[in-house]
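Since the structure comes first, as structure tokens, the remarks are kept for the end.
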Amino acid sequence: VIFTAGFLQSILMVLFVMVSAWFRKAPLAALGVGDFNWRNLFLYGFIGGMGVFLMVTVIMSLIISLFPQPPQPQPIAELILNARGWEQILPLLLLVGVFAPVSEELFFRGFIYPVLRSRFGVAWGITATACLFGLIHFDLVRFIPLSIGGACLAIFCEKSKSLYPAIAAHSMWNTVMTLSVVFYNMTL
């Protein structure tokens, strides 16, 4: 159910953004999907994505160390922990490594962030978008690390003037996290 809901959520987010842009007669470039730059993709997308993964992992580890018992994993993490064999893992990797990053970046950094940036400025736009990103994951324990990760993704968009590096960074973050869980689980 969670797996299907994740795919459905991704599709609905993309449709919502596209229909909204179509009704407003906004070009796709307004969503940050215009210019493509390999240097920015590598710098912010791949290197930045690894940095976000490491930073969020360290912050989350520090937060977890404050709890007497580790908090429950997120529902998608439960699916990953319980996946047996690559035929179960690959669809999960597709969901968290492709569908979620594309849909969430299009929605948060392509759709919401430009509106908040134009109304409140860059700093408040990044902060508000990051907090919304943290909240949408419905996980109070992980709110701060997810919000910090979301802020980094917005900064990548701001610096590169493109959504592509944020999508790549988000994909890198989620994919490395998922593979880390899979490989850790295989060693148990």
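The values are calculated or read from the model by the stated rules, or taken from the named source; none is laboratory data. Model, not experiment: these values are computed from the prediction. Counting neighbours? That spans all protein chains shown, and the Cβs are built from the backbone with ideal geometry, glycine included. Heavy atoms of the whole protein, side chains included, go into the accessibility calculation; ligands, DNA and RNA do not. Shrake-Rupley method; radii C 1.70, N 1.55, O 1.52, S 1.80 Å.
Could you work out the local net charge near Ile76, counting Lys and Arg as +1, Asp and Glu as -1, over the other residues with Cβ closer than 14 Å to its Cβ?
Local charge sum for Ile76: -2.
Per the Kirkwood formula on distinct C-alpha pairs, the Rh of region 60-140 is how many angstrom?
15.0 Å
In the chain, what percent of the accessible surface is made up of carbon and sulfur (1.4 Å probe, ligands and nucleic acids excluded)?
Its accessible area is 74 percent carbon and sulfur atoms.
Please identify the trypsin sites (Lys or Arg not before Pro) of region 1-84 that satisfy two criteria: DSSP loop assignment and at most 13 other Cβ atoms within 10 Å. Which are they?
Passing sites in region 1-84 are Arg24, Lys25, Arg84.
Taking only Cα atoms and a 10 Å spring cutoff, compute GNM fluctuations for the chain and point out the largest among Phe99, Phe23, Phe46.
So, out of Phe99, Phe23, Phe46, the one fluctuating most is Phe23.
In vacuo Debye scattering of the chain, one point per C-alpha: log10 I(q)/I(0) at q = 0.17, 0.18, 0.19 Å⁻¹?
With one equal scatterer per Cα and no solvent, log10 I(q)/I(0) is -1.14, -1.27, -1.40.
Can you give the Kirkwood hydrodynamic radius for region 6-87, in Å, rounded to one decimal and based on Cα pairs?
One decimal place: 16.9 Å for the Kirkwood radius.
What fraction of the Cα pairs in region 100-169, stated in percent, has a spacing above 14 angstrom?
Percentage above 14 Å: 50.
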